[in-house]
Amino acid sequence: MSLLIIILGVLANVTLVLLLAPLFQGVLRKVTAQIQSRQGPPLRQPYFDLLKLLGKEDIESGQAPAMQRFAAYLSLATVLTLAALVPMGFPAPLSGAGDVVLVIYLLTLSGICTLLAGLAAGSTYSLVGISREMMTMIALEPLLAVAIVAGAIHTGSFRLDTVLNGSVYAVGGFPWSGLILLGAMLLSFQAFVQRVPFDISEAETELMEGPLMEYSGPKLALFKYAQMAKLVIYGALFVDLFVPWGSALAFPFGWLIFWLKVCGLVLLVTLVAATHARYRIDQAIRFFASLLVVALGALILASYGY
Amino acid sequence: MTARERLNQLKEKFGPAIQRADLPGDTRLFVYVEPSSLKAVCQHIFRDLDARYVISIGLDDRPVSGQFLVAHDFAFDRDHLLCSVLVYLPPDHPKVDSISDLIPGANWAEREFRDLLGIEPVGHRYPKRLVLPDGWPDGVHPLRKDVPWNQVPEGFDEEAEFKFDDPPEGCTVVPFGPFHPTLDEPAHFRLYVEGEMVRGCEYRGFMVHRGIEKLAESVLTYNDIPMMAERICGICGCVHNVAYAQAVESAVALRLPPRAEYIRTIMLEIERLHSHLLWVGLACHIVGFDTLFMQSWRIREPIMWIAEKISGNRKTYALCVIGGVRWDITPEVKAELRRLLDKLEAEWREVVAAVSKDKNIQKRTRGVGVADKTLVKNAGLIGPVARAAGADIDCRRDHPYAAYDRVDFEVITATGCDVWSRVVVRMMEVFESIRIIRQCLEKMPEGPLQTPITDELPVGRLGLSSVEAPRGESHHFVITGENNRPHRWRVRAPTYQNLQAVPMMIKDQQLADMTISLGSIDPCFSCTDRLETIDLKSGASRVWSQEELIRLVRKA
Amino acid sequence: MSLLSKLRETLVCLKAGRVTLPYPAQARPLPEKFRGRPIFNAAKCVGCAGCANNCPAREILVVDVCQEIRILQYLGRRCTYCGRCADVCPEKAITMSHEFETATGSIGDIRQRLELFMSTCQRCGRCFKEPSPLEQLKLKGYRFDDVQNERWILRSRAYLQSEPVVDDIKIELD
């Protein structure tokens, strides 16, 4: 593809993610409100929230203001780069620029941004928050990595467009490993997108927002945007890996079906978030550890061709 | 055992040490002892006779008897008896033997009369300042009769800071409050944390101390105080309103018309309903389960509307005057209340059925914030916290007041001693409250709402009253005085006792469980801090005597 | 099982529907006994100062300007809307209205001031002297002849120098 098309594709993807992320957040809030018997904010509310935050005074506080700035920019930047790498109904514009390992790396990097944010704040609560975030990351990222590697094993390559195309099911017979991995990912999806019952590192009532404590104004807007966009990106990744049916149709049908599937996933996330209490960190880590063992079992099955 | 038998029992054991005893009825006993045998008497009552410790009260009685007075209140729950052990202390450098090594629950009460009255508890293990602000000068004790109610004393240092204790080895300090999203009211818990486990904590509270008791003694009159008492707490205001009125009525032996008693019962139970439903929602919010929070508050809303219909306000009912109540329950309101209770019961049954099988909430609340029976006895815990540990105490049954002796209800207990048991106890108490209100609506007789009071209330009478607030026992101590106001009024809210046990409840638990453990005692810091000092500078500092103040405000 | 209980909880929620009230777009109907701002009716008031005696917050003050004119002021700053004034008024001159949206930036909006012409004896033309009931009550009311002493609750020292707190209440004496 020529350079111009690549650039246009990147811009299109990034804009799409930027526009859709607050909309999905709005849908999430509205559905949660309906479940809670109340009216809830209008669907456009997250857009207003972000605009309001962007318009506020940019205060720098905490132990290391430079790190604070860096963490905020980096978080949104990593997520937007991911937007250009993950196929969303059509092949990713930058798919030639890297492989699946790059995707895993960028996802981990976006988690590290929260750690940097908490370190920059330097208060007791933010440090407790980032220690929880670290524990969660250590337990969680391998899960995604295992799923992607299983896909890579099946298709025999690490290329983005091959792996992120339902590759976990790409075996001759019944895709045992694929289904087991689907189950494991579904159960842990809430943790990836940082919603109840697994939003432990930012538990408002316990830790006063944890790592993001010192953030306000435009920098908080960047972090919030990154969080909202992560929902879209993870949703897209999940759909690409585990629910690929229908996306191969011609544009625009394949594209529409893709986004419908992501919508469905967001609704599922909302339902689970609205009906559960938050888990404690040790309970959550135990849960992820057991899921990891199951996923590793699936990986072994995958390497044997099941 | 009756009150007279208990008194004889004490007289047998302690003989001449008991100087005087007042037995105003079958349910109240006031024993005046010699200061030197106070500790032995309290030890006997608390340990040997197995009474429950309620509160310790200090009083500046110098205008009347020329001495200071200290009272220790105990409750014999099985005998339906409230007992007060009083000692007189000499006016210069008053000292009294501390009972806090025998009764750990007396810790705060003794520190409080040390701060506010200057009565030194000798032998107290932790005599740190509790109530007064850090910059307050030594030697000025606000509740003494010669200290004016509306002046900042000389030497008040605004810049003084609280001196924290040193944390134990290997622990980091995690500050909790005074500003924290979970807490509605300011309090400071200084947690000593090792990794994720809490190893200990230090508490600094009383930041919104309002000086209510001093105001009641200096400025307000008997019928003004119920309005003030109601504002001690936003959630259990009616309880304080009723408890104060009952304490005065008990002091002067005033009988209420029966309809007034039933109406007080109904309003108290309405308050219990609203408070428990609020708490269940709050506990779920603390563990991150906002949906159940919204649902229990939705179910609670009609209770607020009916309270508004009956009393004119959703929460501050302004119900009592001395001798009766101010609002009546008309037949339309009765019918509406009955409908509301049916609907409430049906909806709450669904919620309870859903929550009791919910493993998700139970995982966060089982085994957390444990307070076992020994802690309940030593610290004098009351309310759902004690009932969840298996202690069968409830003032409505043990010290009946208003119309509770004429209705049937059960006292809900559980044996888990943890937060989940408290959730269950409070959820089931909702059904008992509904049952009580239904019985009251049926049995309520017609009649007047207030007893007319034609003479001035006699001076120098002591009155005790214990009312079961949603959080536990709320105990008021009143000594009637001159000029149409009490000589001393002491409020002991239930959170005052329960808070003292929080450091033990959160020890060796996870940091994440701190908030739900604190929330499970249903803390009402406004009740705890009900003495707030509205100290204001009038420009010139001057010591006003009581006569001068009275003359000033009544200048014609 | 936990999943079943979650479904049951969701059913409870969905059955209830949406309960958000459209306030403030639509006013909420208030019950009759609702205790809002007290309204003083100067035509019915006889100046007994019973309300002033019984206000727990000491927000009703009386002053006698001359032998025949009494001024009754309801200041409304600390009013707790308890309704004791309405209870004790012998002429039912005080009603607890249904107004609760009384936030304002200027205290003059809440203040109510009544100028009352006191009765005089038809024979001698003087105002009733003690020990008539009116005089007796007058002795117990909270008076503010002297503005300095009218400031019952002074503001905390942390914020204030020595100016009077409420300096926009001017007592017009004619």
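The values are calculated or read from the model by the stated rules, or taken from the named source; none is laboratory data. Treat the numbers as computed from the prediction; the structure is a model and nothing was measured. Methodologically, a virtual Cβ is constructed for each residue, glycine included, from the backbone with ideal geometry; neighbour enumeration extends over all protein chains shown. Note: accessible area is taken over every heavy atom of the protein model, side chains too, but ligands, DNA and RNA are not part of it. Shrake-Rupley method; radii C 1.70, N 1.55, O 1.52, S 1.80 Å.
Would you mind stating whether B:A251 is in contact with a Ser or Thr (Cβ under 7 Å, 6 or more places away or on another chain), within 14 Å of another protein chain (Cβ to nearest Cβ) and buried (at least 21 other Cβ atoms within 10 Å of the Cβ)? Taking the combined requirement at face value, the residue does not satisfy it. Taken over the range B:1-57, the residue count meeting the criterion of being out of contact with any His (no Cβ under 6 Å at 6 or more places or on another chain), of a type in the set (S, T, Y) and buried (at least 16 other Cβ atoms within 10 Å of the Cβ) is 3. One residue alone among C:P38, C:P22 is modelled with pLDDT of 85 or more and either within 20 Å of B:N313 (Cα to Cα) or open to solvent by less than 30 Å² (accessible area, probe 1.4 Å) (or both), and that residue is C:P38. Among the residues making up the range B:321-360, those that are outside any helix (DSSP H, G or I) and either in contact with a Phe, Trp or Tyr (Cβ under 7 Å, 6 or more places away or on another chain) or closer than 21 Å to B:R426 by Cβ (or both) are B:I322, B:K357, B:D358.
Residue-wise test of (1) more than 14 Å from chain B (Cβ to nearest Cβ); (2) within 17 Å of C:K44 (Cβ to Cβ); (3) buried (at least 20 other Cβ atoms within 10 Å of the Cβ).
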site: C:D64; (1), (2), (3): no, no, no
site: C:I69; (1), (2), (3): yes, no, no
site: C:Y74; (1), (2), (3): yes, yes, yes
site: C:T80; (1), (2), (3): no, no, no
site: C:A86; (1), (2), (3): no, yes, no
site: C:P90; (1), (2), (3): yes, yes, no
site: C:F100; (1), (2), (3): no, no, no
site: C:A103; (1), (2), (3): yes, no, no
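Residues considered: B:E482, B:E473, B:E468, B:E442. Of these, the only one that is open to solvent by 10 Å² or more (accessible area, probe 1.4 Å), outside any loop (DSSP other than H, G, I, E, B) and not polar (S, T, N, Q) is B:E442.
Residues in the range B:203-234 that are under 14 Å from the mean Cα position of the chain (by Cα) and more than 11 Å from chain C (Cβ to nearest Cβ): B:I212, B:E213, B:I232, B:C233, B:G234.
For the range A:169-209, residues that are within 19 Å of the chain's Cα centre (by Cα), modelled with pLDDT under 75 and not in a loop (DSSP other than H, G, I, E, B) total 3. Give the residue, chosen from B:A391, B:A371, B:A318, B:A386, that is among the small types (G, A, S) and assigned to a helix (DSSP H, G or I). Only one candidate passes the filter, namely B:A386. Would you point out the residue of the range B:364-377, among those that are more than 14 Å from chain C (Cβ to nearest Cβ) and surrounded by fewer than 17 Cβ atoms within 10 Å (Cβ to Cβ), that is farthest from B:S466 (Cα to Cα)? Checking each candidate, the answer is B:G367.
Can you spot a residue in the range B:69-79 that is touching a residue at least 60 places away in the same chain (Cβ under 8 Å), outside the structural domain of B:L464 (by TED's automatic domain parsing), of a type in the set (K, R) and in contact with a strand residue (DSSP E or B) (Cβ under 9 Å, 6 or more places away or on another chain)? No - not one qualifying residue is present in the range B:69-79.
Taking A:G40, is it touching a residue at least 40 places away in the same chain (Cβ under 8 Å) and not in a helix (DSSP H, G or I)?
no
Taking (1) part of a loop (DSSP other than H, G, I, E, B); (2) under 26 Å from B:W489 (Cβ atoms); (3) open to solvent by less than 10 Å² (accessible area, probe 1.4 Å) in turn, B:D455 satisfies each apart from (3). Scanning the range B:46-55 for residues that are within 24 Å of B:P486 (Cα to Cα) and touching a Lys or Arg at 6+ places or on another chain (Cβ under 7 Å) turns up at least one hit.
In the range B:292-333, the residue that is farthest from the other protein chains (Cβ to nearest Cβ) out of those that are under 21 Å from B:Q450 (Cβ atoms) and surrounded by fewer than 16 Cβ atoms within 10 Å (Cβ to Cβ) is B:P331.
Given the condition open to solvent by 40 Å² or more (accessible area, probe 1.4 Å) and within 14 Å of chain B (Cβ to nearest Cβ), answer yes or no: does some residue in the range A:258-266 qualify? The answer is no; no qualifying residue exists. The residue of the range B:266-291 that is surrounded by the most Cβ atoms within 10 Å (Cβ to Cβ), among those that are more than 23 Å from the chain's Cα centre (by Cα) and within 19 Å of B:P523 (Cα to Cα), is B:V287. Can you find a residue in the range B:388-405 that is open to solvent by less than 20 Å² (accessible area, probe 1.4 Å) and among the β-branched types (V, I, T)? No - not one qualifying residue is present in the range B:388-405. Screening the candidates B:I382, B:I361 for the property of being buried (at least 22 other Cβ atoms within 10 Å of the Cβ) and touching a strand residue (DSSP E or B) at 6+ places or on another chain (Cβ under 6 Å) yields one hit, B:I382. Collect the residues in the range B:1-55 that are of a type outside the set (A, V, I, L, M, F, W, C), over 19 Å from B:V96 (Cβ atoms), part of a helix (DSSP H, G or I) and touching a residue at least 60 places away in the same chain (Cβ under 8 Å), keeping them in residue-number order. If the condition is that a residue be of a type outside the set (A, V, I, L, M, F, W, C), over 19 Å from B:V96 (Cβ atoms), part of a helix (DSSP H, G or I) and touching a residue at least 60 places away in the same chain (Cβ under 8 Å), then B:R6 is the only one that fits. What about B:E154, is it among the charged types (D, E, K, R), closer than 26 Å to B:E217 by Cα and within 14 Å of another protein chain (Cβ to nearest Cβ)? It is true that B:E154 is among the charged types (D, E, K, R), closer than 26 Å to B:E217 by Cα and within 14 Å of another protein chain (Cβ to nearest Cβ). Please tell me if B:V87 is outside the structural domain of B:A379 (by TED's automatic domain parsing), at pLDDT 80 or above, open to solvent by 20 Å² or more (accessible area, probe 1.4 Å) and aliphatic (A, V, I, L, M). No: the conditions fail for B:V87. Screening the candidates B:R144, B:R125 for the property of being under 28 Å from B:A251 (Cβ atoms), open to solvent by 10 Å² or more (accessible area, probe 1.4 Å) and of a type in the set (D, E, K, R) yields one hit, B:R144. Among residues of the range B:106-127 that are modelled with pLDDT under 90 and in a helix (DSSP H, G or I), those with a Cβ under 9 angstrom from a residue that is surrounded by fewer than 22 Cβ atoms within 10 Å (Cβ to Cβ) and among the basic types (K, R), sequence gap 6+ or separate chain, pair up as B:N107/B:R125.
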